[in-house]
1. Grab the beta carbon distance between B:ARG397 and B:ALA472, set R0 = 45 Å, and tell me the FRET efficiency rounded to 0.05.
2. List, by residue number, every residue in the stretch B:246-260 with a reduction of 50 Å² or greater in accessible area between the chain on its own and the complete protein assembly, 1.4 Å probe.
3. With no solvent and one equal point scatterer placed on each C-alpha of the protein assembly as shown, evaluate the Debye formula and give log10 I(q)/I(0) for q = 0.05, 0.06, 0.10 Å⁻¹, two decimals.
4. Starting from one equal scatterer on each C-alpha and no solvent at all, send me the Debye-based log10 I(q)/I(0) for the stretch B:473-590 at q = 0.10, 0.11, 0.22 Å⁻¹, two decimals.
5. Would you work out the charge dipole size for the stretch B:497-581 about its Cα centre, treating the Cβ of every Lys and Arg as +1 and the Cβ of every Asp and Glu as -1, and quote it to the nearest 20 debye?
6. Alpha carbon centre of the stretch A:1-76 versus the stretch B:89-126: separation in Å?
7. Cross-link list A:LYS36/A:LYS119; A:LYS36/B:LYS271; B:LYS228/B:LYS271; B:LYS32/B:LYS255; B:LYS155/B:LYS271; B:LYS255/B:LYS713: which exceed 26 angstrom alpha carbon to alpha carbon?
8. Can you figure out the FRET efficiency of A:GLU28 with B:ARG556, using R₀ = 41 Å and their beta-carbon distance, to the nearest 0.05?
Amino acid sequence: MKLRFQLNGAPTEVDVDPMRRSLDVLREDLTLTGSKEGCGEGECGACTVLIDGAPVNSCLVPVAQLGGHDVQTIEGLAQLGPDGEQLLDDVQRALVTHGGTQCGICTPGIALCASAALKREPAADRGRLRELLAGNLCRCTGYQLIIDALVTAAAERGRAAHEPSAPGGGADGSSAHDSTVRDPNAPPSGDRA
Amino acid sequence: MSSASTGTGNSSRSSDSTGIGDSPDRVDGVPKVTGAALYVDDLPAPDAWHGATLRSEIPHGRFVALERDPDFDWSDVVVVTASDIGGRNTVALLIEDQPALVPVGGTIMHREEALALVAAPTRARARAALKALRVTTEALPAVTTLDAAFAADVKLHGSDNVLKQLEIHRDDADIEAVLAGCAHVIDSTYETGAQEQMYIEPQGVLAEWRGDTCRVVGSLQCPYYVHKALVILLGLPEDQVVVTQAVTGGGFGGKEEYPSMIAGHAALLAKAAKRPVKLIYDRAEDIAATTKRHPSRVRHRLGLDTNGQLVAADIDVALDGGAYVTLSPVVLSRAILHASGPYRIPHVRIVGRAMATNTPPHGAFRGFGAPQTTFAYERQMQKAARLLGVDAFALRRQNMLRVGDSTATGQVLSESVGSQEVLDRLEDALAQAAPPVPARLGSLRSPVRRGRGLAFYFHGSGFTGSGEERLAGRVSVACLASGDFEVRSSSTDIGQGMLTIFTQIAAQALDVPASRIKLSEPSTERVPDSGPTVASRTCMIVGKLVERACTALAQRLRDFATESSLDASDLSVLAAQHVAQRGELSETCEHESPPGVQWSDETYTGAAYPVFGWAACLVDVAVDEDTHEVTVERCLHAVDVGRAIHRRIVEGQIEGGTLQALGWALLESVPYEDGRVLNPSMTDCIIPTSADAPDMETLLVEVPYAHGPHGAKGVGEIPMDGPAAAVAGALEDALGIAADELPLLPEVLEHLLADAPLDEAPA
Ligand code: FES
Ligand code: FES
């Protein structure tokens, strides 16, 4: 089956079995191996991608559901500068600076999830950030330096915006991987229940 | 003894001109945050087939027959059995008792034993082929608990199922008589469950043959362990096996020994398939089949006098080793060497036994036996403080080891003893205002009971006894034509930051910018054997070798400058000149133990470790009286690391280890039934999420070790040792229960409370 979607900003077409996992199509057919498989059952978040800006676990999403949507993987998070140099997203920068990555296998998922979470809830505090990240397991860091990094990135975004941060909202225990936070037109599943 | 204790978890960056003690960006940071880092399953291998493993599914029995379904299309499948093994059918480690594949007619010792292997062009085809293999087995009665192992009605190993017994006798006194004379004796038995390492990247390797040479790339901690195992399994000369570590998504000990198994399997499949084979476990297989922390039972009798002075300890340690010897003797050794704790006790007897059961072998996991015995002795100290009505800190201070004291093996502690410092630091931090409790904890449903627990412990850095001498690890540093320097060591970065720390150490010793330091790929064809990446030894032992090799190389470059009348101000320029004029220049250093380190394996006396790290952890908990859910409200951890080469990395090590310990204490459970893991999925075998984790207050204490690089000693394991005891002590404080087992799941607390119901007023 032929599918078209936006992938990291570029129109993309694949001809694949529509029931294959998005994770496999991204990794195997499109050689985007930044998305990782830690569990294959929607628990670890290592396979996180953004669909229309919302984090989902690509191991649970049949590739057919990408059709027509805007898909972002970790490979699309850093931008290219005018001289072709890599410009890290502020969340990626903060993770490096604050020691928020150790073995790194969780990091692509965490960077994507956090980047989306901070867009949606720029005023999230430490406690709320912990909830927003709860769908992305990290076994190495104890999360402390990840949360430190995100608090810093959030503060810098707030400063950059030169305005009081937007209302937090959503302090309901929901993680960023949560169907309640998404556009109803966005593809279902791929979330932590 | 100087103490330079500076900085806290999230504040100061003490820096000096060398960068030692600073927190530069990790050298592998950018590729990891951009997804560019290639882990083994990311490596391009377009021609590779996919492997899969046929497992026994009975805990004990005989492998009678293997048949192929004649209706299945076997044309694009290879099947490998024990008869395809060219060398010895063993996963070589300490002894050769574990087969790589159980031969037909052989004995099955656990449910996850590999009977046969398949490879096919796709994972789906490989899985289908597995289903088309028919296994006939004959069941034998199985031993699946420690009690059954001790009863020895079924004999799995020798006549008593004891895989290894080790003893420490501090003195010749009759321990029973000494205990009988003590004013107080606390006699308790502690049990801890298995714990899954749960690195987020499952185990995996990619194997291929080029001519007669077998090349394996994998997610692993110890390239030379795998190399040794493959040489024996494949029956090849050493230079025809090349093992390379890929970027590795966590290990924590779980990728110390098991990679030798999976690498052997992939190598056999690649040979049969005549093409590369990827063997990547899925999560279920990884949890079910690979090693975990040893379940334990420790009976601890502690005798004190009326003043709270420790007089005697009699400790019996039992570990469930699983079906084969594997690393259990070494884990048991570390367990008993830590079992009497960081205390002065005149009379000590410790007997440890690792028992054989029909479960998949238990193995290395951060702490390596010490967390189990630490749980026991610190629970004992908590009980002692309650019994005597004395302050928890005071009782520790009264009995702790200091410089000049000796441990249970008679090791006199001559330097870098941070016992006093970690307790001081913790008490100071406690005296300051607690950070605000996150709002979400304010929503705890009342009634809530609160409690506080303290644990104090030590952990030996590096290999036990004469291990480092026997191993004689080596590191080379070479000048490159570009003016860069290449550090060649077999240490692996498994997330703990070795690449960055070695870069800092080398740059400092050569007085060049960090960008001039290149770390060689950890491949057995490129690097000498620096020993495995285990035992909190990488920074302290191998890092020291890096420093020495760099210092020696710097001297040779300066000599060259003098001889050739060159400017010696920039060693990088000199290095390039040397390569251009005289060819490659490199230095290799081999480990030398500091003088006076003597150890006897026969009597288990002497210097068990080159040096110890010291730590204290304090935990405040809140327990919901209705649901028995536990929230860690505060967690302070003071750790003496000698010297933090890279503060952030050290903090990250401590915090990661602390959360693994809190998880082990409160929610990580691996139940078995008939030798099978009952919860082989991340959904059921849970680990802490960011929402479960407390904000941690990490206190770095630096009491330098003269023989470590810049004073550094081990930090990798110690944070795992103590927090569980602190949690259990806090629960005892909150609920008045004897929290003597781990994990303390809500249902366990409910059960304990049924025996000792809460009184009316909150404690
Ligand atoms: S691989 Fe773990 S959630 Fe998708
Ligand atoms: S950095 Fe290793 S799992 Fe997060």
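1. Working: r = 40 Å, r/R0 = 0.88.
About 0.70, to the nearest 0.05.
2. none
3. Scattering profile of the protein assembly as shown, log10 relative to I(0): -0.28, -0.41, -1.23.
4. Computed log10 I(q)/I(0) values: -0.27, -0.32, -1.16.
5. Numbers: 8 positive and 9 negative charges, 51 e Å.
With Lys and Arg at +1 and Asp and Glu at -1, about 240 debye.
6. Between the Cα centre of the stretch A:1-76 and that of the stretch B:89-126, the gap is 35 Å.
7. Details: A:LYS36/A:LYS119 23 Å; A:LYS36/B:LYS271 28 Å; B:LYS228/B:LYS271 18 Å; B:LYS32/B:LYS255 20 Å; B:LYS155/B:LYS271 37 Å; B:LYS255/B:LYS713 22 Å.
Over 26 Å Cα-Cα: A:LYS36/B:LYS271; B:LYS155/B:LYS271.
8. On the way: r = 50 Å, r/R0 = 1.21.
Efficiency, from the Cβ-Cβ distance: 0.25.
The values are calculated or read from the model by the stated rules, or taken from the named source; none is laboratory data. None of the values given here were measured: they were computed from a predicted structure. Because the Cβ atoms are built from the backbone with ideal geometry, glycine has one as well, and the counts that use them run over all protein chains shown. In case anyone asks, the SASA skips ligands and DNA or RNA and just uses the protein heavy atoms, side chains included. Shrake-Rupley method; radii C 1.70, N 1.55, O 1.52, S 1.80 Å.
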